[in-house]
Amino acid sequence: MIIKTTTMTKKPTAKETNSPAALKVAFEGANAWIEGLDRQPVNAVATYETLMNRLDVGLQDQGLAADRVIADLIAATEGGHLASAGGRFFAWVIGGGLESALAADWLASTWDQNAALYSCGPAAAVTEEIVGEWLKELLDLPRESSFAFTTGCQLAHFTSLAAARYAILKDRGWDVNAEGLFNAPEIRLMTSDQKHGSVDRAARFLGIGTKQIAQVATQADGTIDPADFERVLNSNKLPTIVVLNAGDLNIGAFDDFEKLIPIAKASGAWVHIDGAFGLFARASRAKQGLTKGIELADSWATDGHKWLNVPFDCGIAIVRDTVAHSSAMTLSASYISAATEVRNQIDWNPEWSRRARGFSVYAALRELGRDGVESLIDRCCDYCHQLVMGIAALPGAKLIFEPTLNQGLVSFVDPRIGATDDDHDRWTEEMMQRINASGEAFFSGTTWRGRRAMRVSVVNWRTSQQDVAHTLATISALLQKVIV
Ligand SMILES: *Cc1c(COP(=O)(O)O)cnc(C)c1O
């Protein structure tokens, strides 16, 4: 896309940097992108070399006019973006951006508040304080809990597990803030073998290595096997953090919270929930049964940028033990006034300077309302079910997991006579690549129970009934080409 710019190479002066010309170019570019989402290829069509050649113009001595920089950026990245903001992107668990949330995100950059302290951005602090309460209400979690808005669920895990580490060591008479981990009682982290990689990494950041992670076996439905859970739990008396899944990454499985959490709590463990997307099942009357007993946990991590459809850079940690949470995160410095009346985000987050994340969440919750969130969740689940069952019904495709939430699995059957399981794995990859190369829809793969599968994840508010039909028609046509 070629966008006309007002000025060419020119050193920006203070006055010109206040000119909104670049914002106008950005607005036009954003508009064109959004309007074109349905028509453009879902895959990225520009190659690595093309993008490198276009973007690497060298670090120049002379600056450019701001609008020219933005026009260049739009032109140079064309074809290099996935249309993950659109309705036919089903790979990983990405989510889209609601219109108001996107606009609020622009404003967050425009206002450029440092959302570390109330005094650095009063409106940002108050907005975050309000949306934290709204989320606890929406997700029906203990209202006395504290919360933090982080970059994503990864850092929400880190924040929650830092609180957990503080609390379980304090129970053993060890002050981790003062003493650190050297000579501290060894900590154990128990998770399922279907855990997300962000859990291990959060543990690693906190000085809990892979040798301290005890993996519990899961059953055919992807949930923790309660017998194995008790066996592992009782195998020693180390201070323990248990991480349970509310929507695992492959099939959206929910562990049996009602059963497991009381067992873990009785042994003195801290229970943390990975609900990156699945925690939002709480907002749907049809799906909330999956989360029964989840409110018994000690901490919960989720994302705003996945199912709530706010733009990236939004995770949420909710922690029942507010003292452990603030003890793990708080910071005092000589130039911070001890404001007690107001909420300072820095007391609950791992960052210092940070983006005002509350605005986009505030916008999303107001745009949708409770009903809108529920219908978003229900719609995604319905479309995921239609997609998975629709694909599985095609000749040459196979059902691997029928979705109970918004995640399902299919695979493709190598048509050659005598094809082995490895052949089917390769063929599943091949078909997935063909679908993605068509530009009509986009999926990602996974290994589930030792075999390759194509994962179908529906988390975008834009996905429509037409998108489902369009995707099924695309896959059907590609499979037919193979058969004839
Ligand atoms: C995406 C995801 C995470 C990590 O979240 P980020 O927002 O990417 O940091 C953790 N757990 C599950 C189940 C996820 O799907």
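The values are calculated or read from the model by the stated rules, or taken from the named source; none is laboratory data. Given the structure is predicted, the values throughout are model-derived calculations rather than measurements. Because the Cβ atoms are built from the backbone with ideal geometry, glycine has one as well, and the counts that use them run over all protein chains shown. The area values use the complete protein model at the heavy-atom level, side chains included, leaving out ligands, DNA and RNA. Shrake-Rupley method; radii C 1.70, N 1.55, O 1.52, S 1.80 Å.
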Q: Please identify the pairs in which a residue from segment 147-160 that is within 7 Å of the ligand (Cβ to nearest atom) has its Cβ atom under 7 Å from the Cβ atom of a residue that is among the basic types (K, R), counting only partners at least 6 apart or on another chain.
A: Q154/R201
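Going through A264, A283, A276, A246 one at a time, which residue ends up being at pLDDT 95 or above and either hydroxyl-bearing (S, T, Y) or out of contact with any helix residue (DSSP H, G or I) (no Cβ under 6 Å at 6 or more places or on another chain) (or both)?
Numbers: A283 fails: either hydroxyl-bearing (S, T, Y) or out of contact with any helix residue (DSSP H, G or I) (no Cβ under 6 Å at 6 or more places or on another chain) (or both); A276 fails: either hydroxyl-bearing (S, T, Y) or out of contact with any helix residue (DSSP H, G or I) (no Cβ under 6 Å at 6 or more places or on another chain) (or both); A246 fails: either hydroxyl-bearing (S, T, Y) or out of contact with any helix residue (DSSP H, G or I) (no Cβ under 6 Å at 6 or more places or on another chain) (or both).
None of the others qualify; the one that does is A264.
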Q | segment 36-88, residues that are in contact with a Gly (Cβ under 8 Å, 6 or more places away or on another chain) and within 16 Å of the ligand (Cβ to nearest atom) | A | S84
Q: Being touching a Ser or Thr at 6+ places or on another chain (Cβ under 6 Å) and outside any strand (DSSP E or B) is the filter here, so list the residues in segment 187-203 that pass it.
A: D193, Q194, V199
Q) Going by the conditions given, is W174 under 29 Å from A297 (Cβ atoms), of a type in the set (F, W, Y) and open to solvent by 10 Å² or more (accessible area, probe 1.4 Å)? A) yes
Q) In segment 126-160, what residues are among the small types (G, A, S) and within 22 Å of G372 (Cβ to Cβ)? A) G132
Q: Tell me which residues, restricted to segment 118-144, are touching a residue at least 24 places away in the same chain (Cβ under 8 Å), assigned to a loop (DSSP other than H, G, I, E, B) and not small (G, A, S).
A: L139, D140, L141, P142, E144
Q.
For segment 387-395, check the following and say yes or no: at least one residue is in a helix (DSSP H, G or I), under 29 Å from F312 (Cα atoms) and touching an Asp or Glu at 6+ places or on another chain (Cβ under 8 Å).
A. yes
Q: Any chance you could count how many residues in segment 396-441 are within 20 Å of N43 (Cβ to Cβ), open to solvent by 30 Å² or more (accessible area, probe 1.4 Å) and either acidic (D, E) or in a loop (DSSP other than H, G, I, E, B) (or both)?
A: 3
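Listed here are the residues, each with its yes/no results for (1) on the phi < 0 side of the Ramachandran plot; (2) more than 17 Å from the chain's Cα centre (by Cα); (3) not charged (D, E, K, R).
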position: L73; (1), (2), (3): yes, yes, yes
position: T77; (1), (2), (3): yes, yes, yes
position: H81; (1), (2), (3): yes, yes, yes
position: A85; (1), (2), (3): yes, no, yes
position: F89; (1), (2), (3): yes, no, yes
position: W92; (1), (2), (3): no, no, yes
position: L98; (1), (2), (3): yes, no, yes
position: L102; (1), (2), (3): yes, no, yes
position: L107; (1), (2), (3): yes, yes, yes
